[in-house]
Structures are given as C-alpha cells and as structure tokens.
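Before any comments, here is the structure.
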Amino acid sequence: MKSLLKFITCGSVDDGKSTLIGHILYDSKLLYADQEKALELDSKVGSRGGAIDYSLLLDGLMAEREQGITIDVAYRYFTTDNRSFIVADTPGHEEYTRNMAVGASFAELSIILLDAKQGVLVQTRRHARICSLMGVKNFVFAVNKMDLVGYSEERFLEIEAQIKGLEEELSLENVYIIPVSATEGDNVTKKSKNTPWYDGDALLPYLENVDINTKSEEGFYMPVQRVCRPNHTFRGFQGEIEAGSISVGDEIITLPSNEKALVKSIHITNKDSQSAGKGQAVTIQLNKEVDVSRGCVLTKNSNIRTSKSFSTKILWMDDSELAAGKEYFVKVGTKMLTGVVTEVKYKIDVNTGEHLPTNVLTKNEIAACNILLSEKIVVDKFDAHKTLGELILIDRITNMTSACGVIEGINNNEIKNEKFTFGYKELKARGELFEEFYYEAETSSIFKYKAEEKIYTVGDELPIKGDSYEYPENFDILILRDWIAIEVRNKKITNIKSINNYEYQELPIINGRGFGVNAYSTEEVASFLEEYKNNNENSLGTFLRKWTKFEIYRRIAFHSTNREKTEKSRDYTI
C-alpha cells in the first residue's frame, strides 16, 4: 500500500503556487486526455502567448481565473508510482490568510514559494508562522522564478541565508530548500541542467521520498462522535482512534466522568474485531453503563486531563475585532460549548516575532489569549495530544468561524503550583532574577518580594532594572537546576535552549537567582558547568561562593513598613 502525503502550497500573491502543482500534474502524465486538451485550449486565451498556463489546472473557479489569483483553497488528489498525495493550493493574498490557515490545518508538509527576485517577504514569514502554529513540522522552501534571475547561484545563496534566519527564528523543523522555475519546469519533476550548482533533489522526487516524522502521542484516546443505540441491548461509542490501539478486554477510562470499564467488543464498519488502532473509525462497546456522550473521550494510559481554563495561541479570522470578555462557542475535539476570551495577552508581529501589548485583535493577526469555558472538558496541550489541543472559536450570532488555534497551557491548580519564570515550547525554567531584596528597618530583617508571577518567552522584553537589581541590556542566563540557557539581547529574550547547546559569547553570565557568574572564557564556563554537575547538596554553598557574586547586579534596598515613611524615603544600597 502506498503511503499518503498531505501537503500545502503557500506563498505571496503570484509566486507561482498553482503553476507549480499544475506543472507536476502535467509533467508526470497525471491528467486524463480530455483534461490535457482542455488545458492546452484554455491556455491559448491566457497570458503566456499561447504557452501552457499550468495554474489553470488548480484555479478552477471562474472568479479566480478572471483575477489571475487563487482566492479559495483548491484540493487535488494525485498519485505516482511511489506515493499518493493530497495537495491544498492556498491563497497568497493577506486578505485570504484564514483560507490558508484552513489548508495548513490538515497538512503534514508545507511548500512555501518565494519569488527569486524578491526573497523572503512579510507574507513568507506570516505563512511559515501560521503553518508552524497549525502543527506543520516539515517545510520545503521553493525559490521560484529562477529563470528570471538567470539561474544565479549567488542569488539563490542570498535567499537561502534569509530562509536559514527564518528557520532559526521560528524553530522550524526539517527544512529543505530547492531552486525551481514553475513555468519552465526546472527542478520540478526532474533535475535541471540550468542549475548545475544545485546538488539536491528535484521537488517531486523529494516529496515522493521524504520521511514525515510524526511524534507519537502517548497512550490510546478516542473522542466520542456519536452514541449508537440500535436496540435496547447495545450501546456503542463511535469515533476515530486518534492515537494508540485498543483490544477487547482492555480497561479504559472515560473522561470527564473518570469511570473505568472493560472493552466488551470492537466493531469496524459491520464486522467484529479483536483490536483497532490509530486512524480507524470504530464502534466500541463497554461491559457496563458509563456516563459518556458526544464530546467525551475514551482513554488508556494517556495522562489526558480535564480543565475549563487554558492559554492558547490563535489566528483571528473574523472581520470584526476580538475583545476580551466576549462569549463564543468553543470547539475542542468533538466537544462544543460556550467560553469567554478572558485576556488577550499579546499579539505577535509576523515579521519580527515581537510580542506587542494589545487589548483587541483584527483580522489575520496572531495572538496569545486565555480562555475560560462554561464547564470542564477534556483538553491537552497541542504538542502532547494534537486533536485535544486544537480549537476553533465560533461567533454565537453569525455562526461564522472567528478563530483557529492551539492550546499551549492548561490552567489548573497543578499547573499553577509550577512557578516557572521562563518558557518556550517544551522548555521551562525557574528563576528569581526579578525578586526584590529589602531590608526592613523596624524588624532588622531582610525579606524577598516578587511583584508578579509571569512567564517570559522568546521575544519578551525583560524588566532589567528594579529597586534592588539592575542587569545589563545584553547578557546570558544559565539556570543550572533546569539546565536551560536564556540569551538576552537589547533587553529582549532572543533564545531559550538547553545548556547542552549553549556557547559562550563573551557576554556577562547571570545565574537563575540574579547573581553574577565568575566565568569569563569558554574554558571557565566549561569548568563552571562541569563542577555544578559533580557537586552535591553539601557542597553547593562552596560552589556558589567560588563561582558567583551577589553584589555585581544585586543590592539590598531599605524598606519601611510605615507607608508614609516608605513613600517619602529614598532607597539606599547596602
């Protein structure tokens, strides 16, 4: 059986997305004779002087042909000797970003086209960011229209460097870069003689052989789509298995009711089966009555939780603005209920990745939000269980889809107890850099005070100056207990990564408590880290006395419990 690859093409307007896929279909002899003849006839009234216009194969709507741009998502199925494909050709214009996001939601790989004359544009960054947001892990950047720059290797290398910067900025995975000409067919289905300097694969052979590495989700789970009761003796739960496998006799847990039961029978279509696995649509009968309806989830060894509050990253798709406090229908998995966007934390500049403070969102903007539901449902982080970590918001009056997005954090008591200061993707680190140290004159004691509980991530600006601390604008933080390195440039976090990937850059180093680290060379940093790994609790004080200094960036400020005194007094450094 051939493997199936679902991919999306995206890029700026007129970058050649439809032409590229049309050329693959034409060159690979994947058209019926009447389609090929119709294409040739239609092209005679096109804009290429009678030459074949391959984009007409995908731009099937009359409005699209008249405008010469793709305005809707065009899905096409085709198969070669090596693989089957479903491709979503998506609009490039910013106005249709929401259409592009719909196409990205189903894809395993994204082909992002760039014009060789223009390089990486804002829309390129937007599409790469949205594809990443929607869970796409594999990217092909097709540098198109190489014929218009004379198949210049120098120009390709310039654009390749821009893409590498984008790859690092967005932490994209599995990136491949190919120089192509969609109209002339260079490196589309076979290697081109016009680019002898390029030693990689042509596009179609790469797609036929690329290994789509999907992270396996923990355990078994199946969101219930429907409860089936053909007669009074049978009650089955129908749905598609999203991860893992299940067998007759297995014990499962129903969520959110948290009841245990044994699998009595499994039915695939109208046939009994002893087991079933991921991707199969099944009916599961249990050995006893349980409280399960549409939107509930059957699980086994999955560690999936229930919650009514979570943090998300969303793409706003509505023509009207999003403001905190408005109620929407929220759909997660097979469950739909009402919920409120309680906070718009920040929006993301698609060009720079900067986190910008805002209270409202307009169409096609990406933002981090908090959502509170009317009741607890089964949810999880998108990185852990994809189907239970993606959501849509639906306007309660118009019934239009207002936003799509992913769940990044579950807000419950267990999570609140984890006092993390820094976080990026799966990386989290504790830190006390922004705690204030005060000397209270009335009691002759020193105490610590932290103004707010906030998790800082890549792109955030840090409060580098307080009453009792002041850090430089450029420095590195090494949080040893969580083994995380944080790079700060111009007061903003530019990178959060494992210390295993950290390289000393001749900048000040500060530990997780805000103490200066006495390491000023690559060798000293290596010794500092090695000694920490080898120390135990009894020797930690000796280690800190040797390698850290409190007074480089920290001080103790005077404080009075008398409010009037406090407001009139000045803080002094001890």
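The values are calculated or read from the model by the stated rules, or taken from the named source; none is laboratory data. The structure displayed is predicted, hence computed values, not measured ones. Cβ placement follows ideal geometry from the backbone for every residue including glycine, while neighbour counts extend to all protein chains displayed.
Taking the condition outside the structural domain of Lys381 (by TED's automatic domain parsing), on the phi < 0 side of the Ramachandran plot and surrounded by 22 or more Cβ atoms within 10 Å (Cβ to Cβ), does Ala161 pass? Don't jump to the end; show me each part of the working.
On the way: outside the structural domain of Lys381 (by TED's automatic domain parsing): yes; on the phi < 0 side of the Ramachandran plot: yes; surrounded by 22 or more Cβ atoms within 10 Å (Cβ to Cβ): no.
So Ala161 does not fit the description; no.
Which numbered condition in (1) modelled with pLDDT under 90; (2) crowded, with 18+ Cβ neighbours inside 10 Å; (3) more than 33 Å from the chain's Cα centre (by Cα); (4) not in a strand (DSSP E or B) is the only one that Phe437 fails?
(4)
Mind listing whichever residues of the stretch 69-83 are assigned to a strand (DSSP E or B), in contact with a Leu (Cβ under 8 Å, 6 or more places away or on another chain) and either of a type outside the set (Gly, Ala, Ser) or modelled with pLDDT of 85 or more (or both)?
So in the stretch 69-83, the residues assigned to a strand (DSSP E or B) come out as 74-79.
Applying the additional criterion that residues be in contact with a Leu (Cβ under 8 Å, 6 or more places away or on another chain) yields 74, 76, 78-79.
Passing the criteria: Arg76, Phe78, Thr79.
Counting just the residues of the stretch 284-297 that are over 32 Å from the mean Cα position of the chain (by Cα) and in a loop (DSSP other than H, G, I, E, B), which one comes out surrounded by the most Cβ atoms within 10 Å (Cβ to Cβ)? First the steps, then the outcome.
To start, the set of residues in the stretch 284-297 that are over 32 Å from the mean Cα position of the chain (by Cα) comprises 284-291.
Filter again for in a loop (DSSP other than H, G, I, E, B), leaving 287-291.
Values: Asn287: 12, Lys288: 9, Glu289: 9, Val290: 18, Asp291: 10.
So the residue we want is Val290.
Taking the stretch 545-574 as the region of interest, how many residues are surrounded by 15 or more Cβ atoms within 10 Å (Cβ to Cβ) and either touching a Lys or Arg at 6+ places or on another chain (Cβ under 9 Å) or at pLDDT below 75 (or both)?
Here the count works out to 6.
Out of the stretch 179-209, which residues are in contact with a helix residue (DSSP H, G or I) (Cβ under 9 Å, 6 or more places away or on another chain), aliphatic (A, V, I, L, M) and either closer than 30 Å to Tyr424 by Cα or assigned to a loop (DSSP other than H, G, I, E, B) (or both)?
Val180, Ala182, Val188
Has the stretch 177-188 got any residue that is over 30 Å from Thr352 (Cβ atoms), among the charged types (D, E, K, R), over 24 Å from the mean Cα position of the chain (by Cα) and at pLDDT below 90? Reasoning before the result, please.
Of all residues in the stretch 177-188, those over 30 Å from Thr352 (Cβ atoms) come to 181, 183-188.
Those still in the list that are among the charged types (D, E, K, R) too: 184, 186.
This time we only want the ones that are over 24 Å from the mean Cα position of the chain (by Cα), so: 184, 186.
Cutting the leftovers down to at pLDDT below 90 gives us 184, 186.
Within the stretch 177-188, one or more residues are over 30 Å from Thr352 (Cβ atoms), among the charged types (D, E, K, R), over 24 Å from the mean Cα position of the chain (by Cα) and at pLDDT below 90.
For the stretch 268-283, name all the residues that are part of a strand (DSSP E or B) and either among the small types (Gly, Ala, Ser) or within 35 Å of the chain's Cα centre (by Cα) (or both).
Scanning the stretch 268-283 gives Ile268, Ser273, Ser275, Ala276, Gly277, Ala281, Val282, Thr283.
Determine whether Lys260 is surrounded by 15 or more Cβ atoms within 10 Å (Cβ to Cβ), part of a strand (DSSP E or B) and not hydrophobic (A, V, I, L, M, F, W, C).
Numbers: surrounded by 15 or more Cβ atoms within 10 Å (Cβ to Cβ): no; part of a strand (DSSP E or B): yes; not hydrophobic (A, V, I, L, M, F, W, C): yes.
For Lys260, the condition - surrounded by 15 or more Cβ atoms within 10 Å (Cβ to Cβ), part of a strand (DSSP E or B) and not hydrophobic (A, V, I, L, M, F, W, C) - is not met.
Pairs please, first residue from the stretch 480-504 and more than 15 Å from Tyr532 (Cβ to Cβ), second anywhere and surrounded by 15 or more Cβ atoms within 10 Å (Cβ to Cβ) and among the acidic types (Asp, Glu), Cβ atoms under 6 Å, 6+ apart in sequence or on different chains.
Glu487/Asp476; Ile493/Asp460; Thr494/Glu487; Asn495/Glu487
With Tyr151, Tyr198, Tyr206 as the choices, which residue is over 19 Å from the mean Cα position of the chain (by Cα), of a type in the set (Ser, Thr, Tyr) and under 15 Å from Leu114 (Cα atoms)?
Values: Tyr198 fails: under 15 Å from Leu114 (Cα atoms); Tyr206 fails: under 15 Å from Leu114 (Cα atoms).
On inspection, the qualifying residue turns out to be Tyr151.
Scan the stretch 330-352 residue by residue and report those that are touching a Leu at 6+ places or on another chain (Cβ under 7 Å) and touching a residue at least 24 places away in the same chain (Cβ under 8 Å). Break it down into steps so the answer makes sense when it comes.
Within the stretch 330-352, the first condition is being touching a Leu at 6+ places or on another chain (Cβ under 7 Å), and the residues that meet it are 330-333, 337, 339-342, 344, 346-347, 349.
Hits for the stretch 330-352 are Val330, Lys331, Val332, Gly333, Leu337, Gly339, Val340, Val341, Thr342, Val344.
Given the residues Ile484, Ile455, Ile509, Ile464, which is the only one that is surrounded by 16 or more Cβ atoms within 10 Å (Cβ to Cβ) and farther than 25 Å from Tyr438 by Cα? Spell out how you get there, then give the answer.
On the way: Ile455 fails: farther than 25 Å from Tyr438 by Cα; Ile509 fails: farther than 25 Å from Tyr438 by Cα; Ile464 fails: farther than 25 Å from Tyr438 by Cα.
Going through Ile484, Ile455, Ile509, Ile464 in turn, the sole match is Ile484.
Scan the stretch 228-244 for residues that are surrounded by 14 or more Cβ atoms within 10 Å (Cβ to Cβ) and assigned to a strand (DSSP E or B) and jot them down.
Cys228, Arg235, Gly236, Phe237, Gln238, Gly239, Glu240, Ala243
Exactly one condition in (1) modelled with pLDDT of 55 or more; (2) surrounded by fewer than 16 Cβ atoms within 10 Å (Cβ to Cβ) is not met by Phe528; state its number.
Condition (2) is where Phe528 drops out.
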